[in-house]
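**Student:** Just passing along the structure, written as structure tokens.
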Amino acid sequence: MNKFSLSLLITVLIGLTACSQNQTATEKIIEKTSDALDRRPNEKMRDAAEDASDGVNDAGRNIKEAIKNTTN
């Protein structure tokens, strides 16, 4: 499995598990603060997954824009 496939798999798995979490406002604030201060458990892996997610979202926007430009 190449790095891209592994990153994509991790991103999807994290996204699916994140969907099932119901956090209170306090928990969200604590999570965001821990993220900003790089104090979350498995911080490097979470940052890598967030970067991969951002890359996939950017690619999706670029594809959507390319299709829109092609059809106009």
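The values are calculated or read from the model by the stated rules, or taken from the named source; none is laboratory data. Worth saying up front: this structure is predicted, and the values here are computed from it rather than measured. Because the Cβ atoms are built from the backbone with ideal geometry, glycine has one as well, and the counts that use them run over all protein chains shown.
**Student:** With the structure loaded, tell me whether E31 is of a type in the set (D, E, K, R), in a helix (DSSP H, G or I) and modelled with pLDDT under 85 or whether it fails that test.
**Tutor:** Yes.
**Student:** Something else now. Within the group A66, A59, A48, which residue is in contact (Cβ under 8 Å) with a residue 12 or more places away in the chain and part of a helix (DSSP H, G or I)?
**Tutor:** After applying the criteria, what remains is A48.
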